[in-house]
Amino acid sequence: MATNRTFTMLKPDAVEKGHIGAILEKITASGFRIVAMKLTQMTTADAQEFYAIHKERPFFGELVEYMTRGPIVAAILEKDNAVEDFRTLIGATNPADAAEGTIRKLYAASIGENAVHGSDSDENAAIEGAFHFAGREMF
Ligand code: IDP
Ligand code: MG
């Protein structure tokens, strides 16, 4: 399997609750290399663009409010089979359905406030990484 990349955000709820260190430890202990990382806050326009695929969903307004209410940690991660392995590490969207030991099972409060984002395809990982980082910020 070729080494490849995924994109993640530690969402505002995870940052507010002081879980940055614990979540990053779990990510690096699971074999992901940090290629790029920063603390940042999305504007309303940023969140509307990032989540544009969900704009017709009933929870879109709530999602944009949540994702812009405080800082996030944005990061690009590298590992063999990065996208799929990271989705396994974070667990199901709804923490009630997430497997034991997954980041969402451990740290998410609800289907809306679910602590962490993980790209769903190689194509979206590249788009989402480029949305947050310039080439010179990637290592
Ligand atoms: P994913 O993050 O597991 O890929 P998506 O279906 O792509 O899940 O949804 C994007 C984000 O929108 C979720 O991570 C969550 O924060 C939010 N979300 C998804 N479904 C709901 C819902 O039913 N109510 C409120 N927020 C939701
Ligand atoms: Mg998704």
Under-17-angstrom lysine pairs by C-alpha in the chain, whenever the two are 8 or more apart or on separate chains: 7
Separation between Cα centres of region 66-120 and region 5-32, rounded to whole Å: 8 Å
Region 1-57: translational diffusion in µm²/s, Stokes-Einstein, Kirkwood Rh over Cα pairs, 4 °C, 1.567 mPa s: 95 µm²/s
Amide hydrogen neighbours beyond the local backbone of Asn4, cut-off 5 Å, H modeled: Lys79, Asp80, Asn81, Ala82
Those residues of region 65-98 whose amide nitrogen sits under 15 Å from the label point placed on Ala22, 7 Å along Cα→Cβ: none
222 nm mean residue ellipticity, helices alone, for the chain (DSSP H n ≥ 4; -39,500 (n - 2.57); rounded to 500): -11000 deg cm²/dmol
At 1.567 mPa s and 4 °C, Stokes diffusion of the chain via Kirkwood alpha-carbon radius, µm² per second: 86 µm²/s
Sparsely packed GluC sites (Glu not before Pro) within region 27-118, loop by DSSP, other Cβ within 10 Å at most 11: Glu56, Glu100
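Values in this text are rule-based calculations from the coordinates and carry no lab data. Just so it is clear, the model here is predicted, and its values are computed rather than measured. Positions of Cβ are backbone-derived with ideal geometry, glycine not excepted, and every protein chain shown enters the neighbour counts.
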